[in-house]
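Data block below; observations after.
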Amino acid sequence: MKEPTQALTEATIRQHCKRLRMPTMGMQFGKLAEQAVREKQTHVRYLEALLSAELEDRDERVVERRIREARLPRVKTLEEFDFGQAPQISAGRIRELAEGGYVERAEPVVLIGECGTGKTHLATGLCVAACRQRRRVRFATAAGLVNELVEAKQQGQLSRLLGRWSRYELIALDEVGYVPLAEVGGELLFQVIAERAEKTAVILTTNLPFSEWIQVFPNARLCKALLDRVTDRAHIVETGTESYRFRRTVESRHRTKGHGRPTGDVSVTPASAPP
């Protein structure tokens, strides 16, 4: 049982840690002190261990906050991506991108491929990697961002919204090309991307080759200008045409059938698989 003086001292230390916003030190100073005594550590070594625990926990909280603020549709990491199911995608190239050099150099990344080929997973994984580096990241679908921009313009808040988006070190725009944009929407999306050119990084996923972007951006001059900015110094990754998720579903059904259990018909088609 602790002496009253010791208990009071520990309560005071916890209060100090709370005021200094060092919750981990407040929780672990006692445990680490006992460990220091057992291992006959110096006071300096004990202090180092205590500060290291606080910094490590603080770093973890920053990463968690960055991931939460990125508004990812699902938190998917590159470690979870099955490169064996997508042999046309270079795992080494993606891992090199994940190191973050393209963010520092403000270089675009464009993921091009059909539905179900892993574009969104890769974009999300690169966003998570950037969040782990404590970068400010934001993920959105192209249509979702356009709707947000149009609404802000109608309410006279466009400049404020554009300013908020400009502060992200990396933005990822998913599904560029899935929904044709009205001219005003195309202009607003161009404005977001053009203002980031050579300043901050952007990731785009699309199911359309560049030659067909005119289907999404009906203004030919704007479309050309957008492509100039998107492809300049860009890392272009082609994810292919065959949905690996469709193939995985079929293989799973075949394995189940091999164990003698009823499977039913495979109703998923490559065209209906999500991006």
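The values are calculated or read from the model by the stated rules, or taken from the named source; none is laboratory data. Given the structure is predicted, the values throughout are model-derived calculations rather than measurements. In this analysis, Cβ positions are derived from the backbone assuming ideal geometry, glycine residues included, and neighbour counts consider all displayed protein chains.
VAL150 satisfies every condition listed in (1) farther than 23 Å from ALA86 by Cβ; (2) in contact with a Phe, Trp or Tyr (Cβ under 9 Å, 6 or more places away or on another chain); (3) not small (Gly, Ala, Ser) except (2). Taken together, GLY92, GLY116 contain a single residue that is exposed (fewer than 15 other Cβ atoms within 10 Å of the Cβ) and more than 14 Å from the chain's Cα centre (by Cα), which is GLY92. Scanning the range 169-207 for residues that are within 17 Å of CYS223 (Cβ to Cβ) and either of a type in the set (Val, Ile, Thr) or not assigned by TED's automatic domain parsing to the domain that holds ARG136 (or both) yields VAL176, VAL179, VAL184, VAL192, ILE193, VAL202, THR206. Can you find a residue that is farther than 26 Å from GLU64 by Cα and in contact with an Asp or Glu (Cβ under 6 Å, 6 or more places away or on another chain) anywhere in the range 95-112? Yes, the range 95-112 has at least one match. Of all the listed residues (GLU212, GLU242), the sole one being in contact with a Ser or Thr (Cβ under 8 Å, 6 or more places away or on another chain) and within 24 Å of GLU114 (Cα to Cα) is GLU242. Within the range 228-244, being part of a helix (DSSP H, G or I) and closer than 13 Å to THR200 by Cα holds for ARG229, VAL230. Looking only at the range 26-80, filter to residues that are among the hydroxyl-bearing types (Ser, Thr, Tyr) and surrounded by fewer than 16 Cβ atoms within 10 Å (Cβ to Cβ); which one of those is nearest to the chain's Cα centre (by Cα)? Restricting to residues being among the hydroxyl-bearing types (Ser, Thr, Tyr) and surrounded by fewer than 16 Cβ atoms within 10 Å (Cβ to Cβ), the top hit is THR77.
The residue list GLU39, GLU34, GLU60 contains one member that is in contact with a helix residue (DSSP H, G or I) (Cβ under 9 Å, 6 or more places away or on another chain) and of a type in the set (D, E, K, R), which is GLU39. Checking the range 166-178 against the condition returns a match, with at least one residue being within 25 Å of GLU242 (Cβ to Cβ), under 20 Å from the mean Cα position of the chain (by Cα) and of a type in the set (Asp, Glu). Of the listed requirements (1) without any contact (Cβ under 8 Å) to a residue 40 or more places away in the chain; (2) of a type in the set (S, T, N, Q); (3) buried (at least 17 other Cβ atoms within 10 Å of the Cβ), GLN154 misses just one: (3).
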